[in-house]
């Protein structure tokens, strides 16, 4: 007996919404920890700006402000709010982080963990493209 097209379509839609939720939650976990780092260890945040973006002397207050803005972004992102903006910003910000680490990719075997940024960037891209299908536990339908 063949499945009805609606049943198959509903099954795929249901699995897709769960897959997108998992992507959203796992990207959030990484972005949230990076955000918390700005509050727990602002000196580390300043070192990151200097080492990877060439911006030295960033004051602690600026790190806290950036952390607060980033916190609002990642909370809206995980809640599924303003998807075009939040998913897009997460994709762009993670992309900048990934690309700014380019020298680490040249010395690949001494910097293996940096390569984890690429599939996460791909997940951010997939979430952005499929944002309208990401409805599971999302406040912004």
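The single condition from (1) at pLDDT below 95; (2) within 30 Å of residue 141 (Cα to Cα) that residue 55 fails is (2).
Restrict the check to region 46-60 and report whether at least one residue is exposed (fewer than 12 other Cβ atoms within 10 Å of the Cβ), without any contact (Cβ under 8 Å) to a residue 12 or more places away in the chain and in a helix (DSSP H, G or I). Taking every residue of region 46-60 in turn, none turns out to be exposed (fewer than 12 other Cβ atoms within 10 Å of the Cβ), without any contact (Cβ under 8 Å) to a residue 12 or more places away in the chain and in a helix (DSSP H, G or I).
When restricted to residues that are modelled with pLDDT of 95 or more and either in contact with a strand residue (DSSP E or B) (Cβ under 6 Å, 6 or more places away or on another chain) or within 16 Å of residue 94 (Cβ to Cβ) (or both), region 37-52 contains 2. Against the list (1) exposed (fewer than 14 other Cβ atoms within 10 Å of the Cβ); (2) closer than 20 Å to residue 30 by Cα, the condition residue 73 fails is (1).
Among residues of region 102-113 that are at pLDDT 90 or above, those with a beta-carbon under 8 Å from a residue that is assigned to a helix (DSSP H, G or I) at least six positions away or on a different chain give the pairs 104/114; 105/114; 105/115; 108/115; 111/104; 111/105.
Residues in region 113-132 that are surrounded by 15 or more Cβ atoms within 10 Å (Cβ to Cβ) and over 12 Å from the mean Cα position of the chain (by Cα): 114, 130, 131.
The values are calculated or read from the model by the stated rules, or taken from the named source; none is laboratory data. All figures in this text were calculated on a predicted structure; none of them were measured in a lab. So basically every Cβ, Gly included, is an ideal-geometry build from the backbone, and we count neighbours across all protein chains shown.
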